[in-house]
Number of protein chains: 2
Amino acid sequence: MRSFTSGRVLDAGRMRDALQSLLRPGDRVALEGDNQKQADFLAEALADCDPGVLHDLHLLISSISLREHLDVFERGVARRLDFAYAGPQSVRMAQLLADGKVEVGAVHTYVELYARMFVDLTPDVALLCAEQADREGNLYTGPGTEDTPTIAEAAAFRGGVVLVQVNELVERVPRVDIPGDWVDLIVESPRPYVLEPLFTRDPREIGQVSILMAMLALRGVYERHEVTTLNHGIGFDTAAIELILPTYGEELGLRGKICRHWTLNPHPTLIPAIESGWVESVHCFGGEPGTERYVAARPDVFFTGGDGSLRSNRVLCQLAGQYAVDMFIGSSLQIDADANSSTVTEGRLTGFGGAPNMGHDPHGRRHASPAWLSLLTGEAPALRGRKLVVQITQTFRSGGTPVFVESLDAVQVGKDSGMPIPPIMIYGDDVSHVVTEEGVAYLYKAAGLADRREALAAIAGATPVGRRLDERRVEALRRDGLVALPEDLKVDVRRARRSLLAARSVEDLVAWSGGLYDPPAQFRTW
Amino acid sequence: MRSFTSGRVLDAGRMRDALQSLLRPGDRVALEGDNQKQADFLAEALADCDPGVLHDLHLLISSISLREHLDVFERGVARRLDFAYAGPQSVRMAQLLADGKVEVGAVHTYVELYARMFVDLTPDVALLCAEQADREGNLYTGPGTEDTPTIAEAAAFRGGVVLVQVNELVERVPRVDIPGDWVDLIVESPRPYVLEPLFTRDPREIGQVSILMAMLALRGVYERHEVTTLNHGIGFDTAAIELILPTYGEELGLRGKICRHWTLNPHPTLIPAIESGWVESVHCFGGEPGTERYVAARPDVFFTGGDGSLRSNRVLCQLAGQYAVDMFIGSSLQIDADANSSTVTEGRLTGFGGAPNMGHDPHGRRHASPAWLSLLTGEAPALRGRKLVVQITQTFRSGGTPVFVESLDAVQVGKDSGMPIPPIMIYGDDVSHVVTEEGVAYLYKAAGLADRREALAAIAGATPVGRRLDERRVEALRRDGLVALPEDLKVDVRRARRSLLAARSVEDLVAWSGGLYDPPAQFRTW
C-alpha cells in the first residue's frame, strides 16, 4: 500500500488502485451505507475495480441506497451480500437476485447486522465515512455519527483494516468521535458524502385524516397509558402527533405528563413541541440535514458534544429504543387480519431497517414503569408489563389501495426471493394497539386470536379485513374496551383540521426554531 | 474545581473535597461498578463525603459489589438507587431497603440501565475507572473495557462531567479506548481498581453429574440443533461442556460443526477447545484476570487492539448475544413447574445482571440460521425461528435443596422489597430446553402449558415438581420427542467421568495455554 499513501493519508486520485491492492478476493467488506449517510466515494471506487483482480467479495451494507452498491455485484467484484435495507434500490435488487448476480446471506435489521459483525460476520475491511479527520486519523463524524463507531470497532479490534473517506482533512478535529487509534487509512473525498434528509416531513402534506388519527392516538394511547418515554417512526401520521402536542395536547393538560423523553432523529416537526416545553430529552439514531444549528442551540434537550454539535449513535439509540422507552409507534403499508405488517410491497425486497427492533416487546426488560405496567400480561408469578407497540395508518392508501389486506405482498416476495420465512416487519402478536381514522383497537386486551381479529376488523373500515364485522359485534367490543371510536375517546372529529397543527409549513417550522432550522433546498417553497 | 486540579488531573489526596465541590445535592451520578471492575477509589471518596454538604444523590450503579456502594446510602450522601445486580451486597441491600435508607427506582439488567442513561436517567456526573490515562485524558481501559465507553458517552454528550480514576498516568497510552475529548477529569488512584475473577471455574470442582449433563447437552441440544453461535453463562455445568468439546465432542465428529462463534468472557475453561481448533471467534463482555497473555497470543480468536490486548465491550457483546447468536445456556438456582427461573433466593435481592438479555427470544431478530429455524414457531404467514434458551441444572443443589420448586423464593422477595412484579430471571415461556442429569426437556415442542409442565416434570427427578409424573406419561413424552433420556440420546452414563474433561485442574489449563494463562492466586493450588 505504501505507494498510495503518505502516512495514513491515501491519494484520492488513485483509489481504485489502492483498493485493488488493499483488498483480496473473498474478503468480507463492511461498506458504510447507513440509514442516512453513505461512503459514496469509496463505493464508487469499489464499483470501478477490475473484477479480474478483485472478485467474490462478501459485502456487508446496512442500507443499499446507491447505484454503486449494486454495480459492484453486476460487475462481478462482489458476490455475496448481507444487508438490512434496500429501499431505493429494492427493484433492481430483486432483479439481480433473480439473475444470480447476487447471493444474499440474509436480510437483517440494522443492529442485527452490526451484532453479527462481532460474531460470524467480522469484517476484514471497513470502508467508512466521516466529516473530518486529522493526520493521526482522529475522526469527527459530526451530527451523523450513526453507525461509524460500531463498524470501526468491529474491524479495528479484529485485525481488520479501517479506511475512511472524509469530507475534509484538518489540523485539529472539533471533537473526537472515533480515536485515530482505530483508523488505518483516510482519504479526502473530492466531495462531501451523500446524506439524505429522510426524517423531514413537510407539514403542508399533513391532511385532516392524519390529524384525526393523531388526536385519537393522543387520547386513546398516549394519555390513557401515560406514555412518557417513546420512539416515533418516520411518516406523516406521527409527524401530525408531534405537531398537535403544543395545541391539542396542551388543551388536554398533558404537557409534562406525556412525551418527555424521546429516541428518534431530530425530526423538524418536533421543533414546536420542544419550543413549547414538552421535551426533556432526545437521543438520536442519526442526524437530519438542516437541524444542525437548531440542535446545537438546544443542548438541554439533545445529546451534543463539546463542540456543540449533535452526537448520534444508532446502536445506543436502538438499545435505548428497545429497553428504555415504553412505546414505539409507526406506520405500515400493509397489515393483515392478524395484525402482521410489512412495508414490503409487490416486487420490492426492501428489507427491515430498524422498525422490528423497536416494534416488539423486549422480553429482556425487567424495570417497570406506569405505561409498561398498564399492559400487564402473563399469569402469576410470571406477571410482567409489556411495551406499547402501536401501528398507526389510514385504512386506505392514496389511490384507494387498502392497507388492511387478506394476505401481505411480503409473503409472495419472500417466496420469490427464496427467503426461508416471509419478511414480516412487525409480527401481529407484538402489536398492542392499532390506530386508524375509525378508532383505536386495543389488541393487547384480546383474550384470544378471534377477539384480536375482530378488534382489528372493527377499525379497518371498508377494507377486505374490515368489511367482515357486523355492527352489533362492534358495539360489544366497545363495551369490553377492545375498541374505542372517536366518541368513546371524546375526540370531536370536526376539530381535526389543519388549524390544529402548531406548524402548517416548513416555513412555520423555521419560525418556531427562531430561524435556526435550515431546511434542505427541496423543502424550501418560499 | 480549579483548586483541586492541575489541568485535567485531580489531586488524589483531596478527592473528598473535590467531589464535594464537583457534585451538587440531588445530582444523578453514574458510579462505575460493572460486573467485574469497580471504580473503588471514587466510591470510597464518595462514601466519605459529608452528608451535610452532599446529600440526596441519585446513584446509577450496575453492580452493587463494594461495601462503599451501600455506605453512601447509610451515611445519607445518596438516597435513590437504580441498579442491575447486587450479588455480594444483596443481604445488606435488602436490610437498607427495609430501613428506608435507600429508595430503589428499579432493578434492571445491565443494558437496560445503560439504555436508560440515554433516555430518562441521563447522568449529571460519571465516576469511572480505567487502567491508564495520558494528560489529554485519553483512556486505556485494557482488557476490561466493559461498560466504561457507554457510560462515558451518556455523560459526555449530555453536558455531564466525566471523572475517571486510573491505575496509572502515562505519557502515551498503548491504545485509545476512550478519547480524551470525552473526559473532564482524571485522578491517579493510590492502588489499582478492584477486579474480580468472576469467570474462572476450577475444573477440580466439576463432578460427574455435571459431566453427564454436559454430554446430554452436547448430544441433545448442540448437535441436534447445529448450534454454531452461542453464549455460555457462568457455572460449573457450562464449564464442563467447554471442557468436553476436545474429548467427547471430538469423538462425535462435531468440531467445525458446532460452537464456532462465541460471545462470552475469556473463560479459562475454554482454552482447551480453542487450542484444539474448535473456536473461530470470541467476543467478550469484559476480561478475566489471568487470561491477558493468553488472549494476546490468540488475536485470531479474540477481539484485540493494536497493542495486542483484549478489547471487550459489554453493550456490543450483549447486542451480539441477543441478536447474533443462536443459543444461550445458563444455570439457575430455582425453577418452578412452569420453567420460570430465578437466582434470587430467600432474603437476597440479587437483581438481574445480564442473563435476561441473553435468555429470551429476541422478537426483533429477522435473519435465519439452521439452529434458529429448527425451532420454527408461529402460524403462517407469521412463521419464524426461535432462539434456543437452555437451562442446565442438577435437580438438587448441594445440601439436598431442590432446584425445581413449587414456588420461587423470588416471589416473596419481590413482595418484601415492594417490587411491582416478581423478579423472575428468565420467564418459562422463553425457555426452549431444560437439561438435568435425568435428561433433556424440549419445552419448545410442547403444544400447550400442560405438555410443557409434564415435559419439565419428567426430568425434574425427585423434586416436588418431578414427583408428580407417572412412568407411562414419561414414556409418551419420549415417544413424542418432548423428553429425551440418556439412552434416547445414546449417551452412555458410565462414561460421565472426570477423565472425559480435557483439563482436570487449573494447572492443566495453564499447560493447555502453553504457559500463557496466569491464574489468580486463589486458583493456584500447586
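Side notes on the structure shown:
- Meets criteria (touching a Pro at 6+ places or on another chain (Cβ under 7 Å), surrounded by fewer than 24 Cβ atoms within 10 Å (Cβ to Cβ) and closer than 30 Å to A:P197 by Cβ) for A:S499: no
- The criterion of being in contact with a strand residue (DSSP E or B) (Cβ under 9 Å, 6 or more places away or on another chain) and touching a residue at least 12 places away in the same chain (Cβ under 8 Å) holds for A:D134.
- Taking region A:349-370 as the range and being over 18 Å from the mean Cα position of the chain (by Cα) and farther than 13 Å from A:V325 by Cβ as the test, the residues that pass are A:H363, A:G364, A:R366, A:A368, A:P370.
- Among residues of region A:7-59, those that are assigned to a loop (DSSP other than H, G, I, E, B) and buried (at least 21 other Cβ atoms within 10 Å of the Cβ), counted: 8
- Selected residue (criterion: farthest from the chain's Cα centre (by Cα)) from residues of region B:71-116 that are small (G, A, S) and within 14 Å of another protein chain (Cβ to nearest Cβ): B:G105
- Restricting region A:376-405 to residues that are within 12 Å of chain B (Cβ to nearest Cβ) and closer than 19 Å to A:I459 by Cβ, the residue that is surrounded by the most Cβ atoms within 10 Å (Cβ to Cβ) is A:V389.
- Positions within region A:117-166 being polar (S, T, N, Q), in a loop (DSSP other than H, G, I, E, B) and more than 14 Å from chain B (Cβ to nearest Cβ), in sequence order: none
- Every residue from region A:167-202 that is more than 11 Å from every other protein chain (Cβ to nearest Cβ) and within 30 Å of A:L270 (Cα to Cα): A:N167, A:P192, A:Y193, A:V194, A:L195, A:E196, A:P197, A:L198, A:F199, A:T200, A:R201, A:D202
- Among the candidates B:R204, B:R172, B:R191, residue that is modelled with pLDDT of 95 or more, touching a Phe, Trp or Tyr at 6+ places or on another chain (Cβ under 9 Å) and not aliphatic (A, V, I, L, M): B:R191
- Residue in region A:32-40 that is closer than 24 Å to B:A324 by Cα, in contact with a Pro (Cβ under 9 Å, 6 or more places away or on another chain) and away from every other protein chain (no Cβ under 14 Å) present: yes
- Restricting region A:356-365 to residues that are out of contact with any Pro (no Cβ under 7 Å at 6 or more places or on another chain) and part of a loop (DSSP other than H, G, I, E, B), the residue that is surrounded by the most Cβ atoms within 10 Å (Cβ to Cβ): A:G359
- Any hit, region B:64-79, residues being without any contact (Cβ under 8 Å) to a residue 60 or more places away in the chain, more than 22 Å from B:A130 (Cβ to Cβ) and part of a strand (DSSP E or B): yes
- Flag if A:D147 is crowded, with 24+ Cβ neighbours inside 10 Å and touching a residue at least 60 places away in the same chain (Cβ under 8 Å): yes
- Looking across region A:287-306 at every residue that is touching a strand residue (DSSP E or B) at 6+ places or on another chain (Cβ under 6 Å) and more than 25 Å from A:E507 (Cβ to Cβ), the one that is surrounded by the fewest Cβ atoms within 10 Å (Cβ to Cβ) is identified as A:T304.
- Members of region B:182-205 that are in a loop (DSSP other than H, G, I, E, B), touching a strand residue (DSSP E or B) at 6+ places or on another chain (Cβ under 6 Å) and surrounded by 17 or more Cβ atoms within 10 Å (Cβ to Cβ): B:V183, B:D184, B:S189, B:Y193
- One residue stands out in region A:339-348 among those that are of a type outside the set (V, I, T) and buried (at least 24 other Cβ atoms within 10 Å of the Cβ): the one that is nearest to the other protein chains (Cβ to nearest Cβ), namely A:N340.
- Within region B:454-488, tally of residues that are in a helix (DSSP H, G or I) and surrounded by fewer than 19 Cβ atoms within 10 Å (Cβ to Cβ): 11
- Selection within region B:178-207 - over 17 Å from B:E32 (Cα atoms) and in contact with a helix residue (DSSP H, G or I) (Cβ under 7 Å, 6 or more places away or on another chain): B:P190, B:T200, B:R201, B:D202, B:P203, B:E205, B:I206
- Entry remark, region B:221-243: residues being part of a helix (DSSP H, G or I) and surrounded by 24 or more Cβ atoms within 10 Å (Cβ to Cβ) number 9 in total.
- Residue match in region B:339-347 (condition: part of a loop (DSSP other than H, G, I, E, B) and touching a Lys or Arg at 6+ places or on another chain (Cβ under 6 Å)): no
- Test: residue in region B:433-453 that is buried (at least 19 other Cβ atoms within 10 Å of the Cβ), within 9 Å of chain A (Cβ to nearest Cβ) and of a type in the set (D, E): no
- Residue in region B:508-519 that is among the hydroxyl-bearing types (S, T, Y) and closer than 23 Å to B:T269 by Cβ present: yes
- Of A:R293, A:R311, A:R298, all but one fail to be within 10 Å of another protein chain (Cβ to nearest Cβ), touching a residue at least 24 places away in the same chain (Cβ under 8 Å) and charged (D, E, K, R); the exception is A:R311.
- Filter pass, A:L408 being over 30 Å from B:V111 (Cα atoms) and surrounded by 24 or more Cβ atoms within 10 Å (Cβ to Cβ): yes
- Filter result for B:Y444 (closer than 30 Å to A:A410 by Cα and either assigned by TED's automatic domain parsing to the domain that holds B:T343 or of a type outside the set (D, E, K, R) (or both)): yes
- Residue check for B:H363: out of contact with any strand residue (DSSP E or B) (no Cβ under 8 Å at 6 or more places or on another chain) and at pLDDT 95 or above: yes
- Of all residues in region A:307-338, exactly one satisfies the criterion of being surrounded by fewer than 24 Cβ atoms within 10 Å (Cβ to Cβ), among the hydrophobic types (A, V, I, L, M, F, W, C) and either within 12 Å of the chain's Cα centre (by Cα) or farther than 22 Å from A:A410 by Cα (or both), namely A:V315.
- Test result for A:G418, over 15 Å from A:A339 (Cβ atoms), modelled with pLDDT of 95 or more and not charged (D, E, K, R): no
The values are calculated or read from the model by the stated rules, or taken from the named source; none is laboratory data. Being a predicted model, the structure only gives us computed values, none of them experimental. Quick reminder, even Gly has a Cβ in these numbers, built from the backbone with ideal geometry, and neighbours come from all protein chains shown.
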